[in-house]
Amino acid sequence: LKKGRITKPSKSKSKKSKKSKSSIAQETPEEPTRQAKTEAELKHEQMLQKRKLEQIERQAQKSYRDRVKEFNEKLENTPEQHDMPRVGG
């Protein structure tokens with residue numbers, strides 16, 4: 001070998017590592033895939049869709065202006081958090 005030269009690793013070592021990785025992948029069993037949904041899952045999805053539709057209908061009944069007006073009225077009626085009550089005389 002000449003000074004300053006770096007030798008490459010032999011190809012036989014890299015092939016051994018590839019074989020070991022592929023053999024590990026083949027040894028691990030894959031989980032079976034589920035295709036059918038249970039009754040509970042179907043019922044749950046139906047309820048989610050139903051609730052989503054109800055929410056959309058509720059929001060469509062009022063305009064944006066009406067919702068803002070209601071919100072502002074609600075804020076006017078609630079006491080402010082940082083107000084200090086008067087004490088003494």
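The values are calculated or read from the model by the stated rules, or taken from the named source; none is laboratory data. From a predicted model like this one, the values you see are computed outputs, not experimental measurements. Cβ atoms come from the backbone with ideal geometry, glycine included; neighbour counts cover every protein chain shown. These area figures cover heavy atoms from the full protein model, side chains too; ligands, DNA and RNA do not enter into them. Shrake-Rupley method; radii C 1.70, N 1.55, O 1.52, S 1.80 Å.
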Return the pairs, sorted by first residue and then second, in which the second residue is surrounded by fewer than 10 Cβ atoms within 10 Å (Cβ to Cβ) and modelled with pLDDT under 95, the first residue lies in segment 41-59 and is closer than 27 Å to residue 70 by Cβ, the beta carbons are less than 6 Å apart, and the residues are 6+ apart or on different chains.
none
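Among the residues of segment 39-74, which ones are among the hydroxyl-bearing types (Ser, Thr, Tyr) and open to solvent by less than 80 Å² (accessible area, probe 1.4 Å)? Before the answer, list the steps.
Quick first cut of segment 39-74, residues among the hydroxyl-bearing types (Ser, Thr, Tyr) only: 63-64.
63 - this is the single residue of segment 39-74 that is among the hydroxyl-bearing types (Ser, Thr, Tyr) and open to solvent by less than 80 Å² (accessible area, probe 1.4 Å).
Given the condition modelled with pLDDT under 65 and assigned to a loop (DSSP other than H, G, I, E, B), answer yes or no: does some residue in segment 10-19 qualify?
We begin by selecting, within segment 10-19, every residue modelled with pLDDT under 65; these are 10-19.
Keeping just the survivors that are assigned to a loop (DSSP other than H, G, I, E, B) gives 10.
Yes.
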